[in-house]
1. Restricting attention to the stretch 250-274, which residues are surrounded by fewer than 16 Cβ atoms within 10 Å (Cβ to Cβ) and in contact with a strand residue (DSSP E or B) (Cβ under 8 Å, 6 or more places away or on another chain)?
2. Before we move on, is residue 177 modelled with pLDDT of 90 or more and surrounded by 15 or more Cβ atoms within 10 Å (Cβ to Cβ)?
3. Just a yes or no: is a residue in the stretch 299-309 surrounded by fewer than 19 Cβ atoms within 10 Å (Cβ to Cβ) and out of contact with any strand residue (DSSP E or B) (no Cβ under 6 Å at 6 or more places or on another chain)?
4. Suppose we filter the stretch 310-330 for residues that are touching a strand residue (DSSP E or B) at 6+ places or on another chain (Cβ under 9 Å) and surrounded by fewer than 19 Cβ atoms within 10 Å (Cβ to Cβ); how many remain?
5. Restricting attention to the stretch 312-329, which residues are in contact (Cβ under 8 Å) with a residue 60 or more places away in the chain and part of a loop (DSSP other than H, G, I, E, B)?
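The values are calculated or read from the model by the stated rules, or taken from the named source; none is laboratory data. Note that this is a predicted model, so its numbers are computed, not measured. Note that each Cβ is placed from the backbone with ideal geometry, even for glycine, and that neighbours are counted across all protein chains shown.
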């Protein structure tokens, strides 16, 4: 089954009860707010809980097109213009009306939960200003950066996985012992040696909400820097939370996501094996892990994408829209770095001089 096999569902826009405009989700609240008259209307919670789904259920889900070129055609309820996008939610390119599509009409897996925006646009600007202001090696003129050339809020898809693991390992336990050895000049010294013993055993661990990015649009290493995410604050997926924001569709299938999750579990399991081996040093030669009770869900996490201009160059920044954590690129001041290097060299020279004076 492909996207074309699914009957299109009507696009949604949330009309303001007061003026008839189109409302947007207000970060940090549970309301939709009209950008024109500022009227607020409550988001009625859906009567269900966030649920972990057994991984085996994926076999029963119909396959959908997953090529990067797949698009959603929106018809704006405001100006009736047609907008093409590869997103679940976006804004009309002509009148900026928030548009939200029915995810079940395009996605193999519908989002289970959403972590709503908690940091609004102004707070994100404040976070950017604090971040640039705290960079000592940044040029002085960067301290005044408060406006972004581009400023866009997006929900990014992430998979979470739970699993019980049982790992059979083989390895060696190293135990230190000391030997008195004599040098060629007749002096003696204590030398540490290690006696190795073969060992094996089994360790178990339950992993909860191992997080894996569901989109390749942002490098994984960059997204990982935005962690940790307060996943306990997620709410059941509702389209209202997407209104006014761009929502990226996943392009990493859940099966591939599970393999990435296992790769993230592996270092933790290896550390468990070393603790189980005990002794003074440990070597792990092999690990064989059995996974049971594997569950998954698709979660949408909020990020502000900003780009500021300095010295004619664009510098991208991301802000965790729940914690305010800022990561990104920034320019460096060659003058400040040179002064710091010279100051460090002078300090070392002063310390050396004082030591020589004390010895004399």
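1. Correct list: 264, 266, 268.
2. no
3. The answer is yes, given that some residue of the stretch 299-309 is surrounded by fewer than 19 Cβ atoms within 10 Å (Cβ to Cβ) and out of contact with any strand residue (DSSP E or B) (no Cβ under 6 Å at 6 or more places or on another chain).
4. Looking only at that region, the number is 7.
5. Result: 321, 322, 323, 324, 325.
Condition check ((1) in a loop (DSSP other than H, G, I, E, B); (2) at pLDDT 90 or above; (3) surrounded by fewer than 15 Cβ atoms within 10 Å (Cβ to Cβ)) across all residues:
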{"position": "44", "(1), (2), (3)": "yes, yes, yes"}
{"position": "51", "(1), (2), (3)": "yes, yes, yes"}
{"position": "57", "(1), (2), (3)": "no, yes, yes"}
{"position": "67", "(1), (2), (3)": "yes, no, yes"}
{"position": "74", "(1), (2), (3)": "no, no, no"}
{"position": "78", "(1), (2), (3)": "yes, no, no"}
{"position": "104", "(1), (2), (3)": "no, no, yes"}
